[in-house]
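The values are calculated or read from the model by the stated rules, or taken from the named source; none is laboratory data. Not measured: the values here are computed from a predicted model. All Cβ positions, even for glycine, are placed from backbone atoms using ideal geometry, and neighbour counts span all protein chains on display.
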């Protein structure tokens, strides 16, 4: 699996924020979710994401992956290879204190989806959107 085509992410002080450019929703993760997102974004196959000593079960991992797919944050990779999970990601997963989970925010969706050239009130400027 890889990040979806219209999905971008950035790390801020160890926390990852993922933005879906189509829906305008943005997402954050628990510690384990951050480690898993980093591994997936680096191309790690999903069946390698349960290293020994992980603080979550296979069922919890599956639920997390299903949420990522449900929100179209991930796309299935057809050229997946059977590479091992790099030790740096495995260590992050093992040291995570919470099970993998995500939080969804849509409070800024209208602004993220707006065209800052054509969708604004000219005298007021950005980020004031046109009515209607």
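Here's the yes/no breakdown for (1) assigned to a loop (DSSP other than H, G, I, E, B); (2) modelled with pLDDT of 85 or more:
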| site | (1), (2) |
| --- | --- |
| 8 | no, yes |
| 56 | yes, yes |
| 68 | no, yes |
| 89 | no, no |
| 93 | no, no |
| 111 | no, no |
| 115 | yes, no |
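Are there any pairs with C-beta distances below 9 angstrom linking a residue in the stretch 108-124 that is within 14 Å of residue 23 (Cα to Cα) to a residue that is at pLDDT below 75 and surrounded by 14 or more Cβ atoms within 10 Å (Cβ to Cβ), with the two at least 6 apart or on different chains, and if so which?
Hits for this filter: 110/129; 111/129; 113/119; 114/120; 114/129.
Which residues, counting only those in the stretch 70-87, are more than 12 Å from the chain's Cα centre (by Cα) and modelled with pLDDT of 80 or more?
Residue satisfying the conditions is 87 alone.
When residues of the stretch 17-33 are filtered for being surrounded by 18 or more Cβ atoms within 10 Å (Cβ to Cβ) and either more than 12 Å from the chain's Cα centre (by Cα) or not in a loop (DSSP other than H, G, I, E, B) (or both), how many remain?
9
Just the residues that are surrounded by fewer than 16 Cβ atoms within 10 Å (Cβ to Cβ) and over 14 Å from the mean Cα position of the chain (by Cα), please, taken from the stretch 37-51.
47, 48
Quick check on this structure: which one of 40, 36 is at pLDDT 90 or above, assigned to a helix (DSSP H, G or I) and touching a strand residue (DSSP E or B) at 6+ places or on another chain (Cβ under 9 Å)?
Answer to the selection: 36.
Going by what's in this entry, would residue 32 be described as more than 26 Å from residue 114 (Cβ to Cβ) and touching a residue at least 60 places away in the same chain (Cβ under 8 Å)?
Yes; evaluated as a whole, the condition is true for this residue.
Being out of contact with any helix residue (DSSP H, G or I) (no Cβ under 7 Å at 6 or more places or on another chain) and within 16 Å of residue 70 (Cβ to Cβ) is the filter here; which residues of the stretch 1-17 pass it?
4, 6, 7
Let me spell it out: the conditions are (1) more than 21 Å from residue 113 (Cα to Cα); (2) in contact with a helix residue (DSSP H, G or I) (Cβ under 8 Å, 6 or more places away or on another chain); (3) modelled with pLDDT of 90 or more, and residue 60 meets all of them except one. Which number is the exception?
In the conditions (1) more than 21 Å from residue 113 (Cα to Cα); (2) in contact with a helix residue (DSSP H, G or I) (Cβ under 8 Å, 6 or more places away or on another chain); (3) modelled with pLDDT of 90 or more, residue 60 misses (2) alone.
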